[in-house]
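Structure first, commentary second.
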Amino acid sequence: MNEILNEINIVNEELNNHKKIENELNKTIKQLFGSHFESLNLLCEEYIEKKDSSDKVKLTIFKSIKKEIDRMSDSKNFEKLENIVNSCNNNILSRFKEQFREMSPINLSFITLSFAGLSPQAISLILKISLSNCYTKKHRLKEQIKRSQVKDRDEFLEYL
């Protein structure tokens with residue numbers, strides 16, 4: 001009987017070690033994933049900060065951002081973005097869509113970009129909404145998720 005208990009303890013300890021390793025790997029993936037869009041976030045922040053600068057400065061920043069935004073706004077690339085977000089985050093978008101079936105397409109786009117780690121400045125430019133509307137939308141979506149009884153509510157709030 002003691003041998004069986006010892007074996008159970010050993011297996012349990014190994015399982016806990018594997019869970020710790022998995023959690024650390026997931027954290028690393030999240031960090032790498034978030035850094036993927038860091039340059040776009042910085043460009044968008046710079047654009048918004050310098051929107052009253054000289055035309056030459058604005059034009060240079062604008063061209064860089066426009067190119068990246070157009071690339072991301074393309075439906076094929078947006079689909080790729082969804083796949084990347086899902087593959088790096090345990091199918092979070094698929095689960096979100098399943099648990100919030102009535103969510104509007106614009107809100108799903110907003111959720112996708114948020115879950116991808118894009119800044120509010122980047123999201124506002126990609127979705128062509130004002131920055132204040134972006135913050136309002138984020139707040140309303142958070143409240144909607146908080147009020148829900150969906151299975152993955154806490155995880156969704158963490159990503160948003």
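Rolling a 1.4 Å probe across all protein chains gives Lys146 an accessible area of roughly 110 Å².
For region 62-126, the solvent-accessible area works out to 50 Å² per residue, with a probe of 1.4 Å and every protein chain left in place. Fully extending the segment from Thr136 to Glu13, taken as 0.36 nm per residue of separation minus the present Cα-Cα distance, adds 39.7 nm. Other residues within the sphere of radius under 10 Å centred on the Cβ of Pro120, judged by their own Cβ, net out at +1 (K and R +1, D and E -1).
Average 1/r across all pairs of distinct alpha carbons in region 115-160, invert it, and you get the Kirkwood radius: 11.2 Å.
Set the bar at 31 Å for Cα to Cα. Now go through Lys20/Lys128; Lys20/Lys76; Lys20/Lys66; Lys19/Lys80 and name every pair that lies beyond it.
Beyond 31 Å: Lys20/Lys128; Lys20/Lys76; Lys20/Lys66.
Both radii are taken from the alpha-carbon atoms of region 95-141; with Rh as the Kirkwood radius, Rg/Rh is 0.96.
The values are calculated or read from the model by the stated rules, or taken from the named source; none is laboratory data. What you see is a predicted model; the values in this text were computed from it and never measured. Methodologically, a virtual Cβ is constructed for each residue, glycine included, from the backbone with ideal geometry; neighbour enumeration extends over all protein chains shown. Calculation scope for accessible area: heavy atoms of the full protein, side chains included, ligands and nucleic acids excluded. Shrake-Rupley method; radii C 1.70, N 1.55, O 1.52, S 1.80 Å.
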